[in-house]
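**Q** Pasting a structure below so you can have a look.
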Amino acid sequence: MIRVLFLALILGAFTTIYSQEQETEDLQFLIIEAISNNPEIAAQVSRMAVFEHKVTQRWALDDPELILRWMEMPGFRFSEAMYANIELMQMVRFPTKLFMERSIAQIQAEHAHHEHLEKVLDVVARLKSAYAMLWYARTALQLNRENQSFLRQILDAATAQYSVGKASQQDVLKTSIELAKLRAEEEALKQDVVSTESMLRAILNRDSRKPIGPISGLPLPAVSYNVEELVSFALTARPMVVHDSLSVNESALMLGLQKQEYLPDLRLGLEYVTMPLLGEKRWSVTAGITLPIAPWSLSKASARVQEASAERSMRESMFLATRRMIEAQVRQNYATFKGYESRVKAYESTILPQTDQSLRTLLTEYQTGRTSFLMLLDSFRMFQMAKMEAAMALAQYHQSLAALERSVGVTTLSAVPKENEQ
């Protein structure tokens, strides 16, 4: 089951394979790189191995005890001891206790697997978010430079109008000021690019000297899932849900194990007895049992059972709380995602085309003296702001999509089966 869930988590990261020789940093390959190299994921892999090795330990008996005895010897003269004995002792727990302890260890190993899957989800979501922010930082820097180029066109037009007496010197000065602002913003945007690149390197565990190459654009994928489909999948397949459901089973086994503490454990011993002074050799067998129902120890066993019962009630409540939390997360992230989706589409279909057309029209009219400079400058500011907001909306759209995938329990929504496919 673990392997199936893991394949479902990284489905899509391996569906489309591109040539690794290309210079563009493809998101799918970055996901593979992060899963392979991220130290947090590597730590979880080692943790899984720790708990897997504990399963075998739970099935084994306690270490035997070898005892040597020299008895009734005068003045610590071993050669004159009346008895020289060798005894082998072994504590044998009640068989059903060993079986239940092994079952508990197996569940704990399963916990480690699901915690590993949760860490994979977390790292991939952070990777996608950092990737989107790096795209935005680089796009904003490019837009800033394009805006500077466009503003220089306006400055040239204003200078030409001023030279023939059709524009005031104030128009030229305002344009120069706006251009200086863009140049100052360019330096801040460069620092944003450096910061987001460092964040991405940390997730990928790349050397700080290794550059982050050009990244591919952010597409606008079609998401055809409704919120009920995503909630239904998350409540059954999310690793955290499976983890907490197994915790309920584990607490039930712990309760059963504590109840079995009323059963006695067996202690066996085999002793080889020698009497050097008499020249005799004999064997002795020892057998004993624990007495967990002794009046002076019974309260301890009863308290352990009560503790395990309270633990079980707590785990059941935590499992219910986890389901409610995940459902709330999916619904909240879905609403946020849909909001950004509508915003991105509005910018692409309406806002950007209209502001671009308005600015170019006003630039032509200003060059022919049919509009004022203030109208042209206001239109430029509006277009500049619209392009930046559109880029930010697209980055936030992909960040919200990554958060939605994280809450559902997959690295891509394509891993969620449709209702007619289940």
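**Q** Return, for the Cα atoms of region 263-389, the radius of gyration and Dmax in Å, separated by a comma.
**A** Here Rg and the maximum Cα pair distance are 42.3, 131 Å.
**Q** Counting heavy atoms of the protein chains only and a 1.4 Å probe, report the per residue accessible area for region 39-138 as a whole number of Å².
**A** Spelled out: the 1.4 Å probe surface of region 39-138, per residue, equals 53 Å².
**Q** Next question, about the same structure. Bin width 10 Å, alpha-carbon pairs only: give the P(r) of the chain as whole percents, running from 0 to the bin holding the largest distance.
**A** Per 10 Å bin, starting at zero, the Cα-Cα P(r) for the chain comes out as 4, 14, 17, 15, 13, 11, 8, 6, 4, 3, 2, 1, 0, 0 percent.
**Q** Using Cα atoms only, what is the angle between the long axis of helix 169-204 and the major principal axis of the chain, expressed in degrees (0 to 90) to the nearest 10?
**A** That works out to roughly 20 degrees.
**Q** Report the charge-dipole magnitude of the chain in Debye, nearest 20, computed about the Cα centre from +1 at each Lys and Arg Cβ and -1 at each Asp and Glu Cβ.
**A** In total the dipole reaches around 440 debye.
**Q** Give the angle, between 0 and 90 degrees and rounded to the nearest 10, that separates the Cα long axis of helix 298-346 from the longest principal axis of the Cα atoms of the chain.
**A** Computed tilt is about 10 degrees.
**Q** Another question, then. Per-residue ellipticity at 222 nm for the chain, helices alone: DSSP H runs ≥ 4 residues times -39500 (n - 2.57), over residue total, nearest 500 deg cm²/dmol?
**A** Helix-only estimate at 222 nm: -23500 deg cm²/dmol.
**Q** So which lysines pass the test for Lys300, namely a Cα distance under 22 Å, with those fewer than 8 places away in the same chain ruled out?
**A** Answer for Lys300, where 22 Å is the Cα cut-off: Lys97, Lys259, listed by chain and number.
**Q** Another one. How would you rank 154-165, 103-114, highest first, on the average number of other Cβ atoms within 10 Å across their residues?
**A** So the order, starting with the most tightly packed, is 103-114, 154-165.
**Q** Whole number please: convex hull volume per residue of the Cα set in region 119-189, in Å³?
**A** Per-residue hull volume (Cα only) is 65 Å³.
**Q** So for each of 130-143, 401-414 I average, over its residues, the number of other beta carbons within 10 Å; can you give me the resulting order with the highest mean first?
**A** Result, highest mean first: 401-414, 130-143.
**Q** Sticking with this one: Near Lys338, which lysines are there with a Cα under 22 Å away, not counting those fewer than 8 places off in the same chain?
**A** Lys128, Lys387, Lys418
**Q** With the full set of protein chains in place, find how many percent of the accessible area of the chain is carbon and sulfur; take the probe as 1.4 Å.
**A** 57
**Q** Output needed for region 339-395: three equivalent-ellipsoid semi-axes, defined as square roots of 5 times the C-alpha gyration tensor eigenvalues, in descending order, whole Å.
**A** Gyration-tensor ellipsoid for region 339-395: 27, 10, 6 Å.
**Q** Given an 8 Å cut-off on Cα distances and at least 6 residues of separation, report the relative contact order of region 23-112 as a percent.
**A** Relative contact order comes out at 32 percent.
**Q** Given H placed on each backbone N at 1.01 Å, which residues far from Val92 in sequence or on other chains put an amide H within less than 5 Å of it?
**A** Hits under the 5 Å cutoff: Leu266, Arg267, Leu268.
**Q** Indicate the gyration tensor shape class of region 197-261 (rounded, prolate or oblate), computed on the Cα atoms with a ≥ b ≥ c the square roots of the eigenvalues: a/c under 1.5 is rounded; otherwise a/b larger than b/c is prolate and the rest oblate.
**A** Oblate.
**Q** Suppose a student asked you for the relative contact order of region 210-298, using Cα pairs under 8 Å spaced at least 6 residues apart; what percent would you report?
**A** Once normalised by length, the contact order is 19 percent.
**Q** For region 38-170, what does the alpha-carbon gyration tensor say about shape, rounded, prolate or oblate, given a ≥ b ≥ c as the root eigenvalues, a/c under 1.5 as rounded, and a/b over b/c as prolate?
**A** Prolate is the answer for region 38-170, as a/c is 1.5 or above and a/b outweighs b/c.
**Q** What percent does the relative contact order of region 143-276 come to when contacts are Cα pairs within less than 8 Å and at least six residues apart?
**A** 14 percent.
The values are calculated or read from the model by the stated rules, or taken from the named source; none is laboratory data. What you are looking at is a predicted structure, and each value in this text was computed from that prediction instead of being measured. Note that each Cβ is placed from the backbone with ideal geometry, even for glycine, and that neighbours are counted across all protein chains shown. These area figures cover heavy atoms from the full protein model, side chains too; ligands, DNA and RNA do not enter into them. Shrake-Rupley method; radii C 1.70, N 1.55, O 1.52, S 1.80 Å.
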